[in-house]
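Take a look at the structure below.
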Amino acid sequence: MKTIFKHSFKDIFLVAQTLLVLSVAYAMAIADLSVLWNLLIAPFHIYLIVNAQNSTLHHHCHWTTFSRKSWNSVYDLLVAAGHYNKVQTYRVVHNIHHKYVNDLPVNGV
């Protein structure tokens, strides 16, 4: 039986995290909060965005989330909107990180 997730059903938590980041931004926009409330909520929202970039965006950069290519394309848009960063751009920067920063050189030195 084929599942909607390509690797693990646990990926639903990453999708939920993306939807949470999007819903907080949407709620802040439609609530038309005062400046004080925006300042009080901003650290929480920034924490959500950074945390999601380090988990959801990072995971989706390395592996596709869904079994269907069309669902991954839609999820790419949701991730980009919620994390303020395109998956393709993050992938390029992250691959540079893996090539030059994190991994041992080929000659082992």
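The values are calculated or read from the model by the stated rules, or taken from the named source; none is laboratory data. These numbers were taken from a predicted model, which means no experiment stands behind them. Neighbour counts run over all protein chains shown; Cβ positions are idealised from the backbone, glycine included. Just the protein is used for accessible areas: all its heavy atoms, side chains included, with ligands, DNA and RNA removed. Shrake-Rupley method; radii C 1.70, N 1.55, O 1.52, S 1.80 Å.
How large is the direction-averaged shadow of the alpha-carbon convex hull of the stretch 38-92, in nm²? Kindly include the intermediate steps, with their values, before the conclusion.
Details: hull surface 15.6 nm².
The Cα convex hull of the stretch 38-92, projected and averaged over all directions, gives 3.9 nm².
So, R0 is 22 Å and r is the distance between the beta-carbons of Ser70 and Ala25; what FRET efficiency does that work out to, to 0.05? Step by step, r from the Cβ atoms, then E = 0.35. In the stretch 21-109, with Lys and Arg counted as +1 and Asp and Glu as -1 at Cβ, which of these residues, His94, His83, Ile49, has the Cα nearest the positive end of the dipole, that is, farthest along it? After comparing all options, I get His94. On full extension, the segment bounded by Ile41 and His58 gains 3.7 nm, given 0.36 nm per residue less the C-alpha separation. Pair-distance distribution of the chain: all C-alpha pairs, bin width 10 Å, starting at 0; shares per bin in whole percent are 13, 37, 28, 16, 4, 1. In loop segments of the stretch 34-100 as defined by DSSP, the chymotrypsin sites (Phe, Trp or Tyr not before Pro) with at most 13 further C-beta atoms inside 10 Å of their C-beta are Trp63, Tyr84.
Where nothing but the Cβ of Lys and Arg (+1) and of Asp and Glu (-1) is charged, how large is the charge dipole of the chain around its Cα centre, in debye to the nearest 20? Show your work: numbers first, answer last.
Numbers: 8 positive and 4 negative charges, 91 e Å.
Magnitude of the dipole: close to 440 debye.
Rank these residues by their accessible area, most exposed first, probe 1.4 Å: Leu40, Leu57, Leu22.
Leu40, Leu22, Leu57
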